[in-house]
Amino acid sequence: MERRYREMFDIAPPGSREDFIEKVLSRKTAGRRYRSDNRFCALSAALVAVTFVTAGAVFTLNFGKSGVEGGLEYGNTPGNITSGGITAIKGGWIYYSNDNDGGRLYKMREDGSEKTRLSDRAGGYVSVVGSWVYYGGSEGIGRIRADGSKEELITDDNAPDACLNVVGDRVYYKHADGGLYKIRADGSEKMRLDGEPVSLINVYGDWVYYTVSNGSYIDENKKRRFVYNKKTGEYMANWFYDKGNGIYKIRKDGSEKTKILSGDPFAVNVEGDWIYYTIEVENNLSNLFKIRTDGTGNTQLSDDNIYRFNVDGDWIYFQNYRDGDNAYLYKISTDGSEVRYLFDDFNFKNITVLGDWIYFQVNNFSDNTPLYKISAADGTGLKVMN
């Protein structure tokens with residue numbers, strides 16, 4: 001699978017950026033739909049707006065806008081975080097990791113004006129809580145005032161792949177040692193929640209949802225999947241990774257660690273009472289499933305091959321390689337009943353959803369990676385944002 005994805009990403013769009021934009025804008029994409037004879041593709045989800053009633057109190061999770069739940073502000077959506085957290089939004093400003101400037105932290109207005117560098121540090125997993133903008137990078141986990149007036153490191157833990165979740169005054173992240181940690185926003189009270197090797201993290205309500213993976217490799221001769229068990233030091237042939245790998249949840253205080261699903265999911269997002277995930281069902285083929293947060297109702301939503309993903313409201317946005325080379329962007333309803341084509345001939349690098357727009361980068365294997373946006377409704381209105 002590793003090799004497969006590497007091959008996928010080695011495909012850069014032909015021609016210049018201007019050629020590509022002209023090509024896409026010339027297409028009549030509105031109203032086009034993709035329906036496969038026997039397969040459709042989708043993946044994972046990010047919560048945008050869900051209202052709960054509990055113990056007489058009503059609270060709303062409205063990620064990407066206010067992002068407040070019961071007085072706790074969420075810095076970004078689970079889906080955006082899973083996609084690298086390259087953008088976040090608050091108060092009419094978009095905060096983003098600028099690949100055109102070494103991944104440094106910037107902000108701009110929603111129309112692309114007033115671009116301003118906030119930090120000389122490079123970072124991803126951007127989150128905004130209160131007046132602070134948070135990020136993770138090789139120098140550690142940092143934060144800076146939204147006006148750029150003050151910057152500080154919360155911890156010097158190496159965190160370029162931290163899957164950073166900021167909720168209220170707590171930061172949850174993947175430590176350089178692979179474990180799941182949390183720390184106060186002022187750098188105090190660092191605590192390890194789980195020492196197992198963590199891949200993806202979603203903080204939702206009272207729980208932290210995450211995946212555990214002990215590592216794997218592929219025998220290219222036999223085309224079989226092997227799992228490396230760190231405890232025994234042995235490689236075990238096992239398609240379904242039942243040696244401790246899977247989806248887990250744990251309370252924010254580190255109690256009640258619970259295994260929800262065995263396996264080795266590639267991507268995981270939590271939405272409401274459901275966890276959406278993809279998992280390899282055969283060599284080089286991953287499908288989309290969902291399972292309730294209590295471990296019941298495991299359901300396959302798609303048997304098509306998928307990779308990039310995000311969710312906004314009732315739609316899951318995803319990237320599909322229909323012929324192994326060309327990339328297509330679609331959206332599928334969260335119940336799997338409808339799939340709509342958005343556009344194609346593009347190799348996406350990170351898909352984030354902010355309001356009515358999809359923001360993404362192109363994987364062109366250079367230090368100059370523009371940030372684009374298109375309409376989440378029909379794939380029109382392509383615009384270069386930086």
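The values are calculated or read from the model by the stated rules, or taken from the named source; none is laboratory data. Every value quoted in this text rests on a predicted model; they were computed, and no experiment measured them. A quick note on method: Cβ atoms are made from the backbone with ideal geometry, for glycine too, and the neighbour counts reach across all protein chains shown.
Need pairs with beta-carbon distance below 7 Å; first residue on the phi > 0 side of the Ramachandran plot and within the range 262-281, second aromatic (Phe, Trp, Tyr); sequence gap 6+ or separate chains.
Final answer for the pair search is GLY263/PHE240; GLY263/TYR241.
For the subset of the range 336-364 comprising residues that are at pLDDT 90 or above and part of a loop (DSSP other than H, G, I, E, B), which member is surrounded by the most Cβ atoms within 10 Å (Cβ to Cβ)?
Taking the candidates together, the pick is GLY355.
Of the conditions (1) under 19 Å from the mean Cα position of the chain (by Cα); (2) surrounded by 19 or more Cβ atoms within 10 Å (Cβ to Cβ); (3) not aromatic (Phe, Trp, Tyr), GLY178 clears all except one; give me its number.
(2)
Going by what's in this entry, would VAL270 be described as at pLDDT 85 or above and buried (at least 21 other Cβ atoms within 10 Å of the Cβ)? Lay out the reasoning, then the answer.
Details: at pLDDT 85 or above: yes; buried (at least 21 other Cβ atoms within 10 Å of the Cβ): yes.
The answer is yes for VAL270.
Here are the criteria: (1) of a type outside the set (D, E, K, R); (2) modelled with pLDDT of 80 or more; (3) assigned to a loop (DSSP other than H, G, I, E, B). Tell me which single one ASN221 does not satisfy.
(2)
Quick grid of which residues meet (1) modelled with pLDDT of 85 or more; (2) over 30 Å from GLN361 (Cα atoms); (3) in a strand (DSSP E or B); (4) hydrophobic (A, V, I, L, M, F, W, C):
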| site | (1), (2), (3), (4) |
| --- | --- |
| LYS243 | no, yes, no, no |
| LYS259 | yes, yes, yes, no |
| PRO265 | yes, no, no, no |
| THR278 | no, no, yes, no |
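Within the range 105-125, take every residue that is modelled with pLDDT of 95 or more and of a type in the set (Lys, Arg) and give me the one that is surrounded by the most Cβ atoms within 10 Å (Cβ to Cβ).
It comes out as LYS107.
Checking ASP378 against (1) part of a loop (DSSP other than H, G, I, E, B); (2) within 30 Å of SER262 (Cα to Cα); (3) modelled with pLDDT of 80 or more, which test does it fail?
Among (1) part of a loop (DSSP other than H, G, I, E, B); (2) within 30 Å of SER262 (Cα to Cα); (3) modelled with pLDDT of 80 or more, the lone unmet condition for ASP378 is (2).
This table checks each residue for (1) surrounded by fewer than 24 Cβ atoms within 10 Å (Cβ to Cβ); (2) farther than 20 Å from ILE141 by Cα; (3) among the charged types (D, E, K, R); (4) at pLDDT below 90.
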{"position": "SER66", "(1), (2), (3), (4)": "yes, yes, no, yes"}
{"position": "GLU69", "(1), (2), (3), (4)": "yes, yes, yes, yes"}
{"position": "GLY75", "(1), (2), (3), (4)": "no, no, no, no"}
{"position": "ILE81", "(1), (2), (3), (4)": "no, no, no, no"}
{"position": "GLY92", "(1), (2), (3), (4)": "yes, yes, no, no"}
{"position": "TYR95", "(1), (2), (3), (4)": "no, no, no, no"}
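Which one of the conditions (1) modelled with pLDDT under 80; (2) surrounded by 16 or more Cβ atoms within 10 Å (Cβ to Cβ) does ASN283 fail to meet, given that it meets all the rest?
(2)
Each row is one residue, and each column tells you yes or no for (1) of a type in the set (D, E, K, R); (2) under 22 Å from THR352 (Cα atoms); (3) modelled with pLDDT of 95 or more.
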site	(1), (2), (3)
SER127	no, yes, yes
GLY130	no, yes, yes
TYR134	no, yes, yes
GLU139	yes, no, no
ARG145	yes, no, yes
ASP156	yes, no, no
VAL166	no, yes, yes
ASP177	yes, no, no
LYS182	yes, no, yes
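Those residues that are closer than 17 Å to GLU271 by Cβ, in a loop (DSSP other than H, G, I, E, B) and hydroxyl-bearing (Ser, Thr, Tyr), I need them from the range 281-322; list them, please.
Of everything in the range 281-322, those that are closer than 17 Å to GLU271 by Cβ, in a loop (DSSP other than H, G, I, E, B) and hydroxyl-bearing (Ser, Thr, Tyr) turn out to be THR293, THR296.
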